[in-house]
Every structure is written in structure tokens, then in C-alpha cells.
Amino acid sequence: MRLRYSLVTRTLWSDVRFRELSAPEPNAQTLWIYLLTGPVQGPIPGLFSAGVGALADGLGWPVDVLQQLVEELEEASLIKRSKRPPLIWLPRAINHNPPTSPNVVKSWRGPYLELPETDLREEAMAGIRAGLRGESFLRAFDVTFPGLRKPSRKPSRKASRKGTPEASGKASEGGSDVPSGRASPGGQQAPRPTGKPSRKASGKPSPIQEQDTRGTKRDSGTSPPRYGPEARRLAEALRESIRTHTPRIAKKYDGKGKLLTWERDLERLMRLDGATEGEVRAVILWAHRGDESGFWRPNLLSGGKVREHFDRLIIQARQGGAKIASGTHNPTKEWMDEHHRWLLRWADEAASLDKVREGGLLLAACARDGIPTPPDTQPLLRWLEDRQ
């Protein structure tokens with residue numbers, strides 16, 4: 001199906017009638033539309049110099065709030081940015097605002113030279129070239145920006161053979177960035193053409209980390225992000241609720257790190273949208289176990305869907321008789337309500353094997369049987385002792 005195309009003038013954001021309309025609270029969706037269609041855009045689609053302060057002034061939003069929204073767009077891979085000097089790139093903007101003729105591409109040369117000289121500028125231009133459609137547009141780009149073609153991702157064989165301190169010293173002599181590509185007859189590497197993206201021979205990761213489809217950074221030197229114990233407990237509750245009716249789907253999220261995307265979305269639901277942990281947990285349990293119509297079971301299979309439909313869900317859950325407490329809750333009690341029978345079976349198993357019941361053994365058994373990790377093992381062990 002062919003997509004419909006339409007233009008939005010950038011003067012929309014400064015129009016008197018538009019500014020007098022009721023405005024939304026600060027949110028990432030409005031910020032994305034502002035970046036895509038607003039006056040911050042320059043001649044090169046999606047590439048412009050702007051910092052958080054300038055964006056906050058343009059929208060009239062608090063700087064600290066806008067900083068959080070910018071980070072949300074970064075996590076969603078909708079934008080990439082350089083903080084100092086300030087530069088923002090919208091990788092998909094070329095799809096929304098393609099050049100109308102090859103001459104437009106040629107006119108980008110002047111604005112390009114006025115942008116801050118950063119690795120992101122070169123990366124963005126290579127990405128914009130990849131988004132051009134038609135040989136005439138590509139020829140115009142290559143004539144205007146010689147050497148700015150998309151860099152190869154193949155590792156350099158020459159660099160991998162050497163791998164010695166002397167070789168790396170030659171590659172970075174004087175502190176300049178030299179590519180690990182073809183070597184000159186004298187044995188030294190040839191200088192990089194002007195404007196091509198820089199990659200240091202030392203193998204240090206690029207400031208712009210490549211992201212995988214689950215939104216976590218592929219950086220072997222850092223641990224995956226964590227979003228707090230509340231978000232982790234809610235993500236586990238969602239998985240276990242799904243397991244009650246569709247174990248096959250829940251099993252996909254049993255591995256380490258599989259719930260990070262859910263944790264991120266549920267953390268945002270609490271931090272940005274103002275929901276409490278108790279409210280979110282009650283909504284999840286009702287949708288998968290208490291909804292007699294069964295409508296929400298196939299439609300609430302991720303943390304993102306919980307956040308997207310939360311307002312509607314909490315209304316329907318209350319109408320359906322769910323007890324939703326807006327305040328804090330007792331996670332240990334909730335764990336016990338769900339898993340106390342399993343805890344008794346584990347205690348009998350440990351006794352039959354003459355094993356001492358302790359927290360580490362309990363946690364190992366939870367991981368083995370796919371039981372959510374309890375927030376604190378000591379109250380559970382005391383509960384078992386009191387029953388003897």
C-alpha cells in the first residue's frame with residue numbers, strides 16, 4: 001500500500017492561533033513531532049545544532065523535564081545527539097522529508113560546513129546518503145560530499161595481523177585519528193580523506209553505541225541497565241501472569257536480561273506517568289486472571305502495552321471489581337500470597353535432602369523452578385520456622 005504524503009510548514013509552531021490553543025503536558029511524542037517539523041530543523045533533513053536549553057525555550061518546558069524526554073527519545077533510537085558541541089540527528093527524518101531534486105542535495109554543502117565538527121555529523125551524513133533514493137540524488141551527494149560514503153563495517157585485516165603496541169603507536173601518532181585500512185608502500189597507514197567518519201585504531205567503542213532490537217546497548221564493557229526493584233518485580237509479575245494461560249510465551253522471557261525492555265517501560269509508567277507499583281500490579285493481575293471476557297490476555301503481553309493502555313485498564317479493572325490500592329504495598333506479602341504452596345514444597349524437599357534452609361538455597365530453587373525472586377528471603381524463612 002502506498003503511503004500518503006503531506007507537508008507541515010515549520011511556521012506552525014510560531015503561529016499565533018496555534019500557540020493560543022490548549023497545549024499538552026511535556027511528553028516525548030510532542031517533543032518528537034517538534035524535532036521533526038519544528039523551526040529547529042535546518043536545510044539538511046533531521047540534522048541540526050540544538051541543545052536541551054534551546055529546545056526547552058522553544059517549547060516552554062522545564063529544562064530538567066525536557067532532559068528526561070530527550071533521553072527517552074535516545075533510548076527509543078529515534079534520535080542521536082552530541083552534547084558538546086550540541087548536535088542532534090533524527091535518523092528517520094530523511095524518510096519524512098526527502099529532497100525534491102539533486103540540486104537540493106548540492107545546497108546542503110554550506111549548512112554542513114556550519115555544523116559542529118563531530119563524529120556524529122559524519123555518521124549522520126553517511127546515514128542520510130543511505131536514505132536517498134535514485135541514482136541522480138546519490139551522484140549529487142557524492143559530488144558535493146566526496147569521501148562521505150557509508151563506512152565499511154568489515155574489520156581491517158592489516159590491523160588484526162599487527163596488533164602490537166608499535167603498530168598502534170604508528171596508527172595514532174601525534175594523537176590524530178587514522179583509519180585501520182590500507183597501508184602505504186612505506187608500511188605506514190595512509191591518511192584518512194577529509195570528512196570521513198573517524199575510528200580510532202585502539203578499538204575503543206564509539207561514543208554512539210550500536211543498539212540491538214531490545215533497546216540495550218551492545219557494550220561488552222558495561223552491565224545492562226537496571227530500572228529498580230519495583231520495575232523488576234512488576235515485569236516478573238507480568239511474565240508469571242502470562243504463564244498462567246500461555247506458558248509458551250512466558251518461557252521466552254525466562255532468561256537473564258529478557259525482561260529489561262519491560263522493566264524500562266514499567267519504570268517509565270511509574271516515574272513519568274505517576275502510576276504506583278500497587279496500581280500497576282493490580283491491573284496486570286486483573287487483565288490476565290480476573291478479566292472474564294479474556295480480551296486483555298492476548299493484548300497485554302509486554303510492559304509497553306501495559307503503559308500504553310494503563311488508563312483504560314485501571315478503569316475497567318475497578319469496574320470489574322479489582323481491589324486497587326493507590327498507596328504502597330507489601331511485596332513480601334504479595335509474593336507469599338502467590339507462592340506460599342511452592343515454598344512449603346521447597347521446605348519439604350530441603351528437609352528430605354538434609355539441607356539447611358537458607359536464603360541462597362531458596363533463591364537457587366526459585367531460579368530452577370521459574371519462581372519470581374522474593375524481595376527478602378528472611379521473612380519467608382522465619383515463616384517456615386513458625387510453622388514447625
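The numbers here are math on the coordinates, done by the rules we state, and not lab data. Everything quoted here is computed from the prediction, not taken from an experiment. We place every Cβ from the backbone using ideal geometry, glycine too, and count neighbours over all the protein chains shown.
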- Query: How large is the dipole of the stretch 331-387 about the Cα centre if only Lys and Arg carry +1 and Asp and Glu carry -1, each at its Cβ, rounded to the nearest 20 debye?
  - Reply: 60
- Item | Dipole moment magnitude, nearest 20 debye, the stretch 10-144 about Cα centre, only Lys, Arg, Asp, Glu C-beta charged | 520
- Find how much the distance from Ile324 to Asp354 grows on full extension, using 0.36 nm per residue of separation minus their present alpha carbon separation; answer in nm with one decimal. 6.6 nm
- Item | Spin-label proximity, Glu25 to the stretch 257-294 - amide N less than 18 Å from point 7 Å beyond Cα toward beta carbon | 265-280
- Task: Just rank Trp342, Trp32, Trp262, fewest to most, by other beta-carbon atoms within 10 angstrom.
- Result: Trp342, Trp32, Trp262
- Measuring from label point to label point, each 7 Å out along Cα→Cβ, what is the Glu338 to Gln68 span in nm? 2.6
- Message: Name the residue from Leu269, Ser241, Ile284 whose Cα lies farthest towards the positive end of the charge dipole of the stretch 229-319, charges +1 on Cβ of Lys and Arg and -1 on Cβ of Asp and Glu.
- Response: Ser241
- Net lengthening on full extension, Arg92/Glu135 (0.36 nm per residue, minus Cα-Cα): 13.5 nm
- Message: 5 Å is the cut-off here: which amide hydrogens, built 1.01 Å from N in the peptide plane, fall below it relative to Leu87, excluding neighbours closer than 5 in sequence?
- Response: Ala50, Ser82
- Which of the pairs Lys251/Lys305; Lys258/Lys323; Lys256/Lys333 have their Cα atoms more than 22 Å apart in this structure? Lys258/Lys323; Lys256/Lys333
- Message: Quick one: 3J(HN,Hα) in Hz for the stretch 116-124, Karplus 6.51/-1.76/1.60 with θ = phi - 60°, rounded, Gly and Pro as x.
- Response: x, 7, 9, 4, 5, 4, 5, 4, 5
- Applying 1/(1 + (r/R0)^6) with R0 = 35 Å to the Cβ-Cβ distance of Thr11 and Ser77, what FRET efficiency is obtained, to the nearest 0.05? 0.75
- Query: Tell me, what HN-Hα J-couplings in whole Hz come from the Karplus equation 6.51 cos²θ - 1.76 cosθ + 1.60 at θ = phi - 60° for each residue of the stretch 79-95, using x for Gly and Pro?
  - Reply: 9, 10, 8, 10, 6, 9, x, x, 7, 10, 10, 9, x, 9, 5, 4, 6
- Message: How many angstrom lie between the Cα centre of the stretch 17-55 and the Cα centre of the stretch 62-98?
- Response: 10
- From phi via Karplus (6.51, -1.76, 1.60), per-residue ³J(HN,Hα) for the stretch 48-56 in Hz, x at Gly/Pro: 7, 9, 7, x, 4, x, 5, 5, 5
- For the pair Arg368 and Thr144, the simple spin-label estimate (label points 7 Å beyond Cα toward Cβ) gives in nm 6.6
